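Heads up: the structure comes next, in structure tokens.
The values are calculated or read from the model by the stated rules, or taken from the named source; none is laboratory data. Source: prediction; values computed, not measured. Don't worry about glycine lacking a Cβ; one is built from the backbone with ideal geometry, like all the others, and counts go over all protein chains shown.
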Amino acid sequence: MSKVLEIKEITKNYEDINVLDGVSLSVEYGEVVVIVGPSGCGKSTLLRCLNALEKIDDGEILLDGELINPGNNNLSRVRQKIGMVFQSYELFPHKTVLQNLTLAPLHVKKADKRETEKEALMLLERVGLLSKKDSYPRQLSGGQKQRVAIIRALMMHPEVLLLDEITAALDPEMVREVLDVVLSLAKEGRTMLIVTHELSFARAVADRMIFIDGGRIVEEAPPSDFFEKPKSDRLRKFLDSFSYEKE
Amino acid sequence: MNENVIKMLIRGIGETLYMTFLSVIAGYIIGLPVGVILYVTGKKGLKPNAVIYGVLDFIINIIRSIPFLILLILLIPLTRFLVGQSYGSTATIVPLVICAAPYIARVVESSLTDVDGGVIEAARSMGASNFQIITKVLLVEAKTSLMTGFTITTGILLGYSAMSGTVGGGGLGDIAVRYGYYRWQTDIMIITVILLIVIFQIIQSVGTRISAHFDHRKR
């Protein structure tokens, strides 16, 4: 398998806080990598750096062997290949669901209108929201919004999909409908980098687990080893914080 | 009330609307792009540029700190140069536009600043260029707020166009000053005031309704 994404020793500082402190990671085509870690550990920042929404201070990020460099004029092209889904959906409030889906393909990619709309309707059907095509985001539930946001990212045919805590703002009963969509994407071989706090979902979807703490990758393992035989104390403690036992 | 007075009042309404709307439109032709530039070059904008922002900010603050009545007088040479005379409703449009444009630029800037940064980021993450973000996302998402700003600006310019009556500006304000102040014909003055109130109410309620109609965020 070949690498789609290569991250080499990237660092990111906010003022004098070291958010990412030499993170290296590579992702292969079709791989699902799930990143977990305590709040503020830098996992969301890592995703944002990959899409150049944050500028890295040091290191290199390569997509398909091409350097992602905020100063370059390849930024738009690179971003089109990396789809991102955000915690708070970020749908365009004044556009209908269908317009939300077709905006970027039509204007950024200059894709054909009929084809694009056809594809949008197909994807809407797939996530069970075809009837909502003419609704505005405020008329949707959180789970529906997030499903739209996921397929909006797919509309650009990205090579990698970044999911940044996409269920963190959802009511518990809506988490499932969103994660089912992600699971089906994993099954069809999408390359994804997922930041989440849903550990049981992580276990089900991940090919590889990564634990970040203090801006560094502390542990990296297949899900079974990661959850059952954590090597570091820090990961063990982190995993323990999710389980409850009656004393 | 004789026919002549009625004719005069109708012409006054016409002149007032002419001054107000023409200056709003001309004001937006200048103010809207400047407002967009202010937003784009501002600290949290798409392409921060302290020099451009600083210069525009400075000019806008200077013009806005001059009271309109003084601006009317200060600009008489310019008005005479552009229009050929310094009195009458067409001449009043010059100071009205110069007064309105910086105000409009600020209103536009604040409307754009209110657009949720998250959706701009989402557009950026899909590879949209700054120009595409401005035209396809920012201006669209800010449209209800922009319309509210348009309504407020129109109301203010209606008032300012009346104020120009003190220096022979034409319109209802001119009538109110000439008849009410110089000739002590209070009845005519009161009628002009009522007409101004009615025009203002119509502008405000139509504006509010239009922006509510286009607002997809709530309801």
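I need a count of the residues in region B:189-219 that are among the small types (Gly, Ala, Ser) and more than 14 Å from chain A (Cβ to nearest Cβ).
2
So if I check each of B:Arg124, B:Arg178, which one is closer than 30 Å to A:Ser88 by Cβ, in a helix (DSSP H, G or I) and modelled with pLDDT under 95?
Sole residue among the options that is closer than 30 Å to A:Ser88 by Cβ, in a helix (DSSP H, G or I) and modelled with pLDDT under 95: B:Arg124.
Anything in region A:39-61 that is surrounded by fewer than 16 Cβ atoms within 10 Å (Cβ to Cβ) and not hydroxyl-bearing (Ser, Thr, Tyr)? List them, or say none.
A:Gly40, A:Lys55, A:Asp57, A:Asp58, A:Glu60
Across region A:131-144, what is the total count of residues that are touching a helix residue (DSSP H, G or I) at 6+ places or on another chain (Cβ under 6 Å) and closer than 23 Å to A:Val205 by Cα?
2
Restricting attention to region B:188-219, which residues are over 30 Å from B:Thr144 (Cα atoms) and in contact (Cβ under 8 Å) with a residue 24 or more places away in the chain?
B:Ile188, B:Ile191, B:Thr192
I need every pair where a residue in region B:39-58 that is closer than 17 Å to B:Val108 by Cβ has its Cβ under 6 Å from the Cβ of a residue that is among the hydrophobic types (A, V, I, L, M, F, W, C) and surrounded by fewer than 19 Cβ atoms within 10 Å (Cβ to Cβ), sequence separation at least 6 or different chains.
B:Val40/B:Leu46; B:Thr41/B:Ile52
For (1) more than 30 Å from A:Gly143 (Cα to Cα); (2) touching a residue at least 12 places away in the same chain (Cβ under 8 Å); (3) more than 14 Å from the chain's Cα centre (by Cα); (4) not in a strand (DSSP E or B), each residue gets a yes or a no:
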| position | (1), (2), (3), (4) |
| --- | --- |
| A:Ile7 | yes, yes, yes, no |
| A:Val34 | no, yes, no, no |
| A:Arg48 | no, yes, no, yes |
| A:Lys55 | yes, yes, yes, yes |
| A:Tyr89 | no, yes, no, yes |
| A:Phe92 | no, yes, yes, yes |
| A:Asn100 | no, yes, yes, yes |
| A:Ala104 | no, yes, yes, yes |
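Within the group A:Arg152, A:Arg176, A:Arg147, which residue is touching a strand residue (DSSP E or B) at 6+ places or on another chain (Cβ under 9 Å) and either of a type in the set (D, E, K, R) or within 12 Å of chain B (Cβ to nearest Cβ) (or both)?
A:Arg152
Please find, within region B:116-153, the residue that is surrounded by the most Cβ atoms within 10 Å (Cβ to Cβ) out of those that are in contact (Cβ under 8 Å) with a residue 24 or more places away in the chain and facing chain A (nearest Cβ under 7 Å).
Per the stated criteria, the residue is B:Glu141.
Only residues that are among the basic types (Lys, Arg) and under 30 Å from B:Gly45 (Cα atoms): list them for region B:64-120, please.
Once the filter is applied, which keeps residues that are among the basic types (Lys, Arg) and under 30 Å from B:Gly45 (Cα atoms), region B:64-120 yields B:Arg64, B:Arg106.
Hey, among the residues in region B:42-81 that are assigned to a helix (DSSP H, G or I) and touching a Pro at 6+ places or on another chain (Cβ under 6 Å), which one's surrounded by the fewest Cβ atoms within 10 Å (Cβ to Cβ)?
B:Arg64
Starting from region A:205-221, keep only residues that are within 11 Å of A:Ile194 (Cβ to Cβ), then list their pairs with residues that are small (Gly, Ala, Ser) and not in a strand (DSSP E or B) whose Cβ atoms are within a distance under 6 Å, requiring at least 6 positions of separation or different chains.
Once the first residue is within 11 Å of A:Ile194 (Cβ to Cβ) and sits in region A:205-221, its partners that are small (Gly, Ala, Ser) and not in a strand (DSSP E or B) give A:Val205/A:Ala186.
In the set A:Arg114, A:Arg79, which member is buried (at least 19 other Cβ atoms within 10 Å of the Cβ), charged (D, E, K, R) and without any contact (Cβ under 8 Å) to a residue 40 or more places away in the chain?
Being buried (at least 19 other Cβ atoms within 10 Å of the Cβ), charged (D, E, K, R) and without any contact (Cβ under 8 Å) to a residue 40 or more places away in the chain holds for just one of A:Arg114, A:Arg79, which is A:Arg79.
Across region B:102-115, which residue is nearest to the other protein chains (Cβ to nearest Cβ) among those that are among the small types (Gly, Ala, Ser) and crowded, with 23+ Cβ neighbours inside 10 Å?
Among them, the one singled out is B:Ser111.
Might you let me know whether region A:108-118 holds any residue that is part of a loop (DSSP other than H, G, I, E, B), at positive phi and among the basic types (Lys, Arg)?
Yes, some residue in region A:108-118 is part of a loop (DSSP other than H, G, I, E, B), at positive phi and among the basic types (Lys, Arg).
Please give the number of the condition A:Ile194 fails out of (1) more than 23 Å from A:Glu31 (Cβ to Cβ); (2) modelled with pLDDT of 95 or more.
Checking A:Ile194 against (1) more than 23 Å from A:Glu31 (Cβ to Cβ); (2) modelled with pLDDT of 95 or more, the one that fails is (1).
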